[in-house]
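Peer 1: The structure that follows is given in the form of structure tokens.
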Amino acid sequence: MDVSTLYLYALAAAACGVLLSVVFSDLIPGIDQIFHPTLILSFVILTSAFGFGLEHLTSLGSLVILLISVGISLILTSLLHLFIFVPLAKAEQSISFSEQTLEGRSAIVILPIPEDGYGEILVDDVSGRMAKSAVLFEGPALAQGTKVIIIEIKQGVAHVMTYPTQWKEEMFS
């Protein structure tokens, strides 16, 4: 079997691996903390692509081409990790707010919140309005249009309770 054919097989296998990784990445929680499949597969893809290209464009030996391909791929994959994956891992969903800044703010229920389930709230912000999943912190089920206060945010879900009317009376009397 020709060496360039091996590069093509490795390229196809890694491309299928990327597809499977994207589709099934949420089935195994924490897999990206053990090893980063996208990073490993991108290394294999780059090595295969550079190896295939160098096999056809140069007359160097196969071992030299493999070493050059691995070196180039190692550099590019390291840059990909440093400048793409690390910043994306630290980024939140939106750059306009941090979820922790929502704690203590008031909101309006837009989808009723049952006692043991999820609903949705609408929070007004300087940069616009945002909808957020919500559950009850304490108290009875909340109907649409109820004013609530956000007690805490856990795993992207707001824990809310009814906005106490006596607070409004105490603050403005």
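Peer 1: If R₀ is 45 angstrom, what is the calculated FRET efficiency for the pair Ala13 and Ala143, using the beta carbon separation as r and rounding to 0.05?
Peer 2: 0.25
Peer 1: If I fit a long axis through the Cα atoms of helix 3-24 and take the longest principal axis of the Cα atoms of the chain, what angle between them do I get, 0 to 90°, rounded to 10?
Peer 2: Here the helix axis deviates by roughly 10 degrees.
Peer 1: From the helices alone, meaning DSSP H stretches of at least four residues, give me the mean residue ellipticity at 222 nm for the chain, per-run term -39500 (n - 2.57), in deg cm²/dmol to the nearest 500.
Peer 2: -14500 deg cm²/dmol, from helical runs alone.
Peer 1: Please tell me the relative contact order of the chain in percent, rounded to the nearest whole number, where contacts are Cα pairs under 8 Å and at least six residues apart. Please list the in-between numbers first.
Peer 2: Values: 216 pairs, mean separation 25.2, N = 173.
Relative contact order of the chain: 15 percent.
Peer 1: What percentage of the solvent-accessible surface of the chain, computed with a 1.4 Å probe over protein heavy atoms, is contributed by carbon and sulfur atoms? Intermediate values should be presented prior to the final figure.
Peer 2: Values: 7590 of 11530 Å².
Carbon-and-sulfur percentage of accessible area, whole number: 66.
Peer 1: Report the residue, chosen from Gln155, Gln144, Gln100, that carries the largest GNM mean-square fluctuation when the chain is represented by alpha-carbon nodes joined by springs under 10 Å.
Peer 2: Gln155
Peer 1: OK, next. How much area per residue is accessible in the range 41-141 when the probe is 1.4 Å and only protein heavy atoms are counted (Å²)?
Peer 2: Each residue of the range 41-141 exposes 63 Å² on average to a 1.4 Å probe.
Peer 1: Also: Please give the contour-minus-distance gain from Val135 to Arg105: 0.36 nm per residue of separation, less the Cα-Cα distance, rounded to one decimal in nm.
Peer 2: Once the chain is fully extended between Val135 and Arg105, it gains 9.3 nm.
The values are calculated or read from the model by the stated rules, or taken from the named source; none is laboratory data. The structure displayed is predicted, hence computed values, not measured ones. Please note: Cβ atoms are built from the backbone with ideal geometry, for glycine as well, and neighbour counts cover all protein chains shown. Heavy atoms of the whole protein, side chains included, go into the accessibility calculation; ligands, DNA and RNA do not. Shrake-Rupley method; radii C 1.70, N 1.55, O 1.52, S 1.80 Å.
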